[in-house]
Amino acid sequence: MIGSLDHTTLQQLWWLITSVVGSLFLFLTFVQGGQTLIFTTACSEEEKSLIINAMGRKWELTFTTLVLFGGALFAAFPLFYATSFGGAYWVWMLILFTFVMQAVSYEYRKKPHNVLGARTFEVFMFLNGSVGILLIGAAVGTFFTGSSFSLSQYNSVTWGTPFHGLEAALSPFNLAFGLFLVFLARTLGAMYIVNHVAHEPLVQRARRASWVNLLWALPFLLTVLFGLLTMDGFAVDPATGKIFLEKGKYLHNLIGMPAVAVLLLGGLGSVIYGVVATGFFGKNSGIWFGGVGTVLVGLAVFSLAGYHDTAFYPSVTDLQSSLTIYNASSSKYTLTVMSYVAIAVPFVLAYVAYVWRLMDAKKLTLEELTGEDAKEMY
Amino acid sequence: MGDQILTTVDWARAQFALTAMYHWIFVPLTLGLSFLIAFFESIYLKTGDEEWKKLTKFWMTLFGVNFAVGVATGIILEFQFGTNWSNYSWMVGDIFGAPLAIEGIFAFFIEATFFSVMFFGWNKVSKGFHLFSTWMVALGANLSAVWILVANGWMQFPTGMAFNPDKARFEMQNFWEVALSPVAVQKFTHTTSSAFLLAALFVVGVSALFLLQKRHQLMARRSMVVAAVFGFIASFFVAFNGDESAFNVARRQPMKLAAMEGLYQGQEKAPMVVLGVINADKKPGDNLPAFHQEVKIPSMLSLLANRDPDSFVPGINDLVYGNAARNIVGAEQRMITGKIAVSALASYKLAKEKVDAPAAAAALALFNKHKGDLGYGYLITPAQAAPPVALTFYSFRVMVVLGTLFPLIFLLVLFFSFKGTLEKQRWLLQACVASIFLGYVAQQAGWVVAEVGRQPWAIQGLLPVGVASTNIAASQVQVTFFIFLTLFTALLLAEIRIMMKQIKIGPEV
């Protein structure tokens, strides 16, 4: 069946698959959000350790999902990989630096003779959860606001500014997108603490943190939504492949793809429900509503950027260099092979879910941090 | 312009080499130690002896410290293909991206999911499931090696693809040819078995230190026996597929073989230089001697390269300037046809833009005639086709000499262990400790041979590094190079200090 799919369908399918992976990554940034809560929600070293150990069981999943997101983009949309990573050089480099810092921080923070001291590794975690996520948000924001680049006839990228992508963080829309993701991650992190930690004072503060951070996220969310509904967008003429600016393009996309509007509204509603249930009704399962909601919002955002004859990585300096899911993709053969490989994804999700359930069956307690396996704790 | 591009390429190469070399300090230990830990835990489950559990947890702690930096440097490598090698990413992403994505789906998630059970699940899951998780981490880590080495194997021996002139990129035609190419298979077996060997050296060396210090002696003796058996078996795999590797190189990368041997003038009954001092002034095509001093074994190179002691092995001069008598077309000639291909491709693109069908067809026909040499069209001088000879030559010898030494160490450890006098052989225990460092030297030397020997190509014979890099100012890559250098060095120092402290603490605490 997969072998009979045409190239266009495969391109659309792979945009969906990468969108799912990217959206799952957004949910899993609760780890990054949790990392930033160690300086605001924890009131003692013990509570800090509880948060870090709660997040520490999951940091690798987030990291791996980011790596898979990169790998999927490389395999399915290599021209995007080449253009964005080679062009918006500094944004990606800074994001990478923060993730490198994160990868070692869990393991090294509490180990004796760690050279830099526990506090430094905690700052690394904070930077990963704040600057790292902010820049990822700004990078995703450029899917709508565009970047300054042009492609040669051999698709070699020339970036239009000496800042190589850092200029993206100066756009109010991109900045709002980044800040929204930072506060959303903190909201999710707080809900995960409520779900996974058995330490009442910390859990109470995490409940409060969930709605406080959602409130902080709201103005940025509204800025993003207002921007999306009113801005000019980068449309593609399906007959000629020519890119042109269209007034209210993303609003048109929402109207033209009502399912996406449902995803967006349903996702936001689910996040809000999760926070209200966590913050005001003493529920512990808010993270699941928050998680599902985040995935739905992510899918809506990626759909708005990539489907309905839209350029998902637009160039503001050379419109015809803009990338669409059609001109940036791999060949039909490669997408077909990769689609067979993608059949494994549900199995991967199944064993991840099984092990997650198994490991989270018992809540994390202070006793566990000081017990027999204290040496292994983060 | 030309100078700037060269400088950017140089910094990009330096940065990739830096990241890869740091990455390969941590990864081989992860690949091998994961299996050793799985062996230790299996014995614990079988015997129920708590000493084995304590031993397992001790090595697991060191595994965790090492694993983190391997993960951190790994993500940089993946994304560096995009940041520093964006033309490469576009030109071969259709083929190269797939193994990376498969690595993520099939391997990294296994590793990431079961890693947390392995470390934090002792009291949360059954003993059987815990052991299963430990094996899954070992499997996941080594599965990830499969796919990245498939990708690297394809860079050494590009196969299963074709050039698409409309897109100006290479596209995959046969996935199985890419995944199961003999070079990819051999890369995987040689690299993973050498990683097992390094991990065995690490366990043997740290255990030897305990014996020298008369601490944790039971744990040390047990660890040493298991690791020495594992390392001894791995050594034979390394030697066997190392020979296969050289045989493959002779077939698919003759220039790399010539550089590995410092062989400038091809000959029949080619000797192997066992030891030699390379003449640094020697250049392709001149009359200077290749060596200041050399010790040779007659006909050995012909025998190893072609399984025939009388056979002809081409040298650097043959491959650069050609050898009509042997039907070898040199880089000099291939550059001429390559430049025709480059020009025909440009004409084709222009004709397509002008919607001039006859001109496009003519240009395409000319391009198709010469497309096999397209990559050579981007070289500036024929001599550029030769990799740095001295570095490749010496690295190869370091790798081989050390690779020959290690099985002897494992054998001696096993011999004295079974005799029950291992603790008394202080010279051997000291050699075991020193071998940890030597193991890392051999690993790095192996990759230098593989990667420096492939130069000037990013993709052997198809894409020179100068065309593969990103169009960005050298200063920007230079800055990130030094940031990475500082960051990786700090992390390495932290890792070494933490490891040493954990070894000092030992398994009791």
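Under the combined filter of DSSP loop state and at most 13 neighbouring Cβ atoms within 10 Å, the range B:427-509 retains these GluC sites (Glu not before Pro): B:Glu508. When every alpha-carbon pair in the protein assembly as shown is counted, what percent end up more than 42 Å apart? Taking all Cα-Cα pairs of the protein assembly as shown, the fraction more than 42 Å apart is 37 percent. Among residues other than A:Val104 whose Cβ falls under 14 Å from its Cβ, what is the net charge (Lys/Arg +1, Asp/Glu -1)? Computed value for this residue: 0. Normalising by residue count, chain B has a Cα convex hull of 162 Å³ per residue.
Classified by the C-alpha gyration tensor, the range B:335-378 has a prolate form. Its axis ratio a/c, with a ≥ b ≥ c, is 1.5 or above, and a/b is larger than b/c.
For chain A, a Gaussian network of Cα nodes joined below 10 Å ranks A:Asp318, A:Asp237, A:Asp360 by mean-square fluctuation, and the top entry is A:Asp237.
For chain B, the longest principal axis of the C-alpha atoms and the axis of helix B:182-212 are separated by about 30°.
Shape index of the range A:141-291: Rg/Rh, with Rg the Cα radius of gyration and Rh the Kirkwood radius from the inverse mean 1/r over Cα pairs, equals 1.10. Largest GNM mean-square fluctuation across A:Ser19, A:Ser339, A:Ser321, computed for chain A with C-alpha springs under 10 Å, falls on A:Ser339. Of the DSSP H helices in chain A, those that are both long (alpha-carbon extent of 24 Å or more along the helix axis) and hydrophobic (Kyte-Doolittle mean at least 0.5) are A:7-28, A:59-76, A:89-108, A:172-196, A:200-230, A:258-280, A:286-306. Close amide-amide hydrogen proximity is noted between B:Val274 and B:Val295, B:Lys296, B:Ile297, each under 5 Å apart and 5 or more residues distant or on a separate chain (H modeled in the peptide plane; Pro and chain starts excluded). The shape of the range B:261-326 comes out oblate: with a ≥ b ≥ c from the C-alpha gyration tensor, a/c is at least 1.5 while a/b does not beat b/c.
Between the exposed loop cleavage positions of chain A, defined as trypsin sites (Lys or Arg not before Pro) in a non-H, G, I, E, B DSSP state with at most 12 neighbouring beta-carbon atoms within 10 angstrom, the longest gap is A:1-241.
What is the distance in Å between the Cα centres of the range A:200-256 and the range B:205-232? The range A:200-256 and the range B:205-232 have Cα centres separated by 59 Å.
One chain, two ends: B:Val229 and B:Lys214. Fully extended at 0.36 nm per residue, the span grows by 3.1 nm beyond their Cα-Cα distance. Stretched out straight at 0.36 nm per residue, the stretch from B:Val441 to B:Leu485 would grow longer than its current Cα-Cα span by 13.9 nm.
Between B:Glu268 and B:Leu350, residue separation times 0.36 nm minus the direct Cα-Cα distance comes to 24.7 nm.
Placing a pseudo-label 7 Å from each Cα along the Cα-to-Cβ vector at B:Thr381 and A:Gln204 gives an inter-label distance of 7.8 nm. May I ask for the net charge around B:Ile297, where only other residues with Cβ less than 12 Å from the Cβ of B:Ile297 are counted and Lys, Arg are +1 while Asp, Glu are -1? Surrounding charge for B:Ile297 is 0.
Quick note: the coordinates plus some simple rules give every number you see, no bench work behind them. Keep in mind the model is a prediction, meaning the values are calculated, not measured. Note that each Cβ is placed from the backbone with ideal geometry, even for glycine, and that neighbours are counted across all protein chains shown.
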